[in-house]
Amino acid sequence: MNQQLKEDKRNQSALLATAVQAANEFLGSLDSRKAAVFPHDQYNATDLPEIGLGAEAALAQFRTRYESGLAGSAGSRYFGFVTGGSTPASLVGDWLAAAYDQNPAADEDSNAPQVEQEAIHWLRQLFGLPDSFVGTFVSGATVSNFVGLAQARQWIGQQQGANVAEDGLWGIRPFPILAATPHSSAKKALAMLGLGRQAITPVPTLPNREAMDVAALAEILATLDQPAVVIASGGTVNTVDFDDLQAIADLKQKHNFWLHLDAAFGGFAACSPQFAHLLTGQETADSITIDAHKWLNVPYDSAMTFTRHPELQLAAFQNSAVYLGDVKENPSLVHWTPQNSRRFRALPAWMTLLAYGRSGYQDIVERNCAQARWLGEQIEQSEQFRLLAPVRLNCVCFTPASNPSLPQIQEFLAKVRDDGRIYLTQTVYQGQPAIRAAFSNWQTEQRDMKICWQALQELISEK
Ligand SMILES: *Cc1c(COP(=O)(O)O)cnc(C)c1O
């Protein structure tokens, strides 16, 4: 055995203790660390060593060269994109997932797949989804959208008497894909599926909303002479607007379409009786996307994909050229997603769900939504900023009150980032360049909100 491997094997326990110390130092630094760090320094790659340094020296070098440039995004004041942190229990689960190093793709050499099934069962209960939904872990909501839309494509093929997974798209007629305010990742998924980013026919939104005008959807569906795919939003990223899922579901009585619901973070509205109504009708979706590395607060990368049509998911992703009948009952995880081998990704989710339960997630969701509401109120009362949409859940969409041009917003956001107390990201809302603040971290408290509002006011007044 190589000398460094041999030594590291002998010192493994001390090495892990060193890693624990490094992690504790990092976690302890989160409150004072900048929320985001722009990589200003020129990046110079060193050469691969012929003889390795051993793990302890490698860790020391990593810390010297890179640690100061890491973001405090796991901490309580990173409000860019929609970003969760890692609960203590999920971190334990993630570390041990690496230590256990199982490959749950195989179902005959360990009980890791059963842990995944139990986590999915708990998640269905958390989200109020019926047991008829089959769930699988994937690496993120983009891949979950891909898996859902791959089934939609397979279903369309079936409606046309074709098997797309076996024979490709060659033999099928182009079909309508309808959406009002889809996430960019849905377009990416359509690109990967050979359908194309341009395949979406836009459905109008309600006035001053990001939610779909369902009457307009009904009109479009009435003109079609073939089955379609509808992509619904369960929480848009700018204003967390929800398409009326019940009204869309009602259209299924008259029209034949696949309903894919992207509820990457909005799915967590189900955790609170205050917000659960936003998802009324979700159980009529054919496939559903929900992220775990956002509001479940597990480490990257993790999400779930749910379906009411497991046979179509298997048709699309089975790891063989054989027909479905040849896949045995309860097929192993190798047949369900774009991945074959997979990490024990379910363990962090399993650990955090058991550690904090339904009420733990209700607390996180309600606390984050109250924080968004509070910031929205400050903005509404201020002369320096303008609120662009009502705060519906956990995001605040706003601009500076004067000269909200793209360059001015970019300059302001760079100032916010370099200041480091908070981090916010840019968007465009109804043609207007804008700023978003999204709250989805379990650690955020009112104290952080005060710091956030103070920073915003100070930095906007600075010239
Ligand atoms: C974040 C997000 C996605 C993409 O998620 P990833 O986890 O980054 O792949 C898709 N849809 C919505 C609504 C999102 O918020």
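Quick one: of the DSSP bridges fully inside the chain, what percent are antiparallel, nearest 5? Before the final figure, lay out each step's value.
On the way: 24 of 40 bridges.
Around 60 percent antiparallel, to the nearest 5.
Under a point spin-label approximation (7 Å from Cα along Cα-to-Cβ), what is the H40-S132 distance to one decimal in nm?
In this crude label model, H40 to S132 measures out at 5.8 nm.
Any idea what the relative contact order of the chain is, in percent, if you count C-alpha pairs under 8 Å spaced at least 6 apart? Display every interim value, and only then the final one.
Numbers: 823 pairs, mean separation 103.8, N = 463.
Reported relative contact order: 22 percent.
Going highest first, how would you order 234-244, 399-409 by mean Cβ packing within 10 Å? Don't skip to the end; give the middle numbers.
Values: 234-244: 25.4, 399-409: 14.3.
Going by the mean number of other Cβ atoms within 10 Å, highest first, we get 234-244, 399-409.
Rank L27, G69, A349 by how far each Cα sits towards the positive end of the charge dipole of the chain (+1 on Lys, Arg Cβ; -1 on Asp, Glu Cβ) and give me just the farthest.
G69
Across 20 Å bins from 0, what is the distribution of all Cα-Cα pair distances for the chain, in whole percents?
Histogramming the chain at 20 Å steps yields 23, 52, 24, 1 percent.
Quick check for me: using +1 on Lys/Arg Cβ and -1 on Asp/Glu Cβ, what's the dipole size of the range 102-351 about its Cα centre, in debye to the nearest 20? The partial results should precede the final answer.
Values: 15 positive and 24 negative charges, 98 e Å.
The dipole of the range 102-351 has a size of about 480 debye.
Nearest 0.05, what FRET efficiency do L96 and E67 give at R0 = 22 Å with Cβ-Cβ as r? Write down the numbers at each step before the final one.
Values: r = 23 Å, r/R0 = 1.06.
The value I calculate is 0.40.
Rounded if a/c is under 1.5, else prolate if a/b beats b/c, else oblate: with a ≥ b ≥ c from the C-alpha gyration tensor eigenvalues square-rooted, which is the range 102-351?
oblate
Give me the number: length gained by fully extending E311 to L48, i.e. 0.36 nm times residue separation minus the C-alpha to C-alpha distance, one decimal in nm. Could you put the intermediate results ahead of the total?
Numbers: separation 263, 0.36 × 263 = 94.68 nm, distance 4.69 nm.
So the extension gain works out to 90.0 nm.
First measure r as the distance between the Cβ atoms of A414 and N103, then evaluate 1/(1 + (r/R0)^6) with R0 = 41 Å and state the FRET efficiency to the nearest 0.05.
Result of the calculation: an efficiency of 0.40.
Is there a quick way to get the dipole size of the chain? I mean about its Cα centre, with the Cβ of Lys and Arg at +1 and of Asp and Glu at -1; what is the value in debye to the nearest 20?
Details: 35 positive and 47 negative charges, 129 e Å.
Roughly 620 debye, rounded to the nearest 20.
Using Cα pairs under 8 angstrom and six or more residues apart, how large is the relative contact order of the range 55-204, in percent? If you can, show how the numbers build up before the last one.
Working: 82 pairs, mean separation 20.0, N = 150.
Relative contact order of the range 55-204: 13 percent.
Mind ranking 207-216, 17-26 by how tightly packed they are, going by the mean number of other C-beta atoms within 10 angstrom, highest first? Walk me through the numbers on the way to the answer.
Values: 207-216: 16.8, 17-26: 12.4.
Order by mean packing, descending: 207-216, 17-26.
Would you mind putting 194-200, 360-366 in packing order, based on average other-beta-carbon counts within 10 Å, highest first? Don't skip to the answer; put the middle values down first.
Numbers: 194-200: 15.0, 360-366: 20.1.
Ranking the peptides 194-200, 360-366 by packing returns 360-366, 194-200.
Taking the Cα centre of each part, how many Å lie between the range 84-132 and the range 387-434?
One Cα centre to the other: 36 Å.
Could you grab the relative contact order for the range 102-351? Cα pairs under 8 Å, six or more apart, rounded to a whole percent.
Values: 457 pairs, mean separation 69.9, N = 250.
Contact order relative to length: 28 percent.
So, for the chain, what is the accessible surface per residue at a probe of 1.4 Å, expressed in square angstrom? It would help to have the intermediate numbers written out before the result.
Numbers: 21370 Å² over 463 residues.
Result: 46 Å² of accessible area for each residue.
Given a 1.4 angstrom probe, I'd like the percentage of the accessible area of the range 102-351 that is carbon and sulfur, rounded to a whole number. Walk me through the numbers before you get to the answer.
Numbers: 4890 of 9710 Å².
So the carbon and sulfur contribution to the accessible surface is 50 percent.
The values are calculated or read from the model by the stated rules, or taken from the named source; none is laboratory data. Computed from a predicted structure; not experimentally measured. Ideal geometry is used to build each Cβ from the backbone, glycine not excepted, and the neighbour counts take in all protein chains shown. Remember, those area values only see protein heavy atoms, side chains included, never the ligands or the DNA or RNA. Shrake-Rupley method; radii C 1.70, N 1.55, O 1.52, S 1.80 Å.
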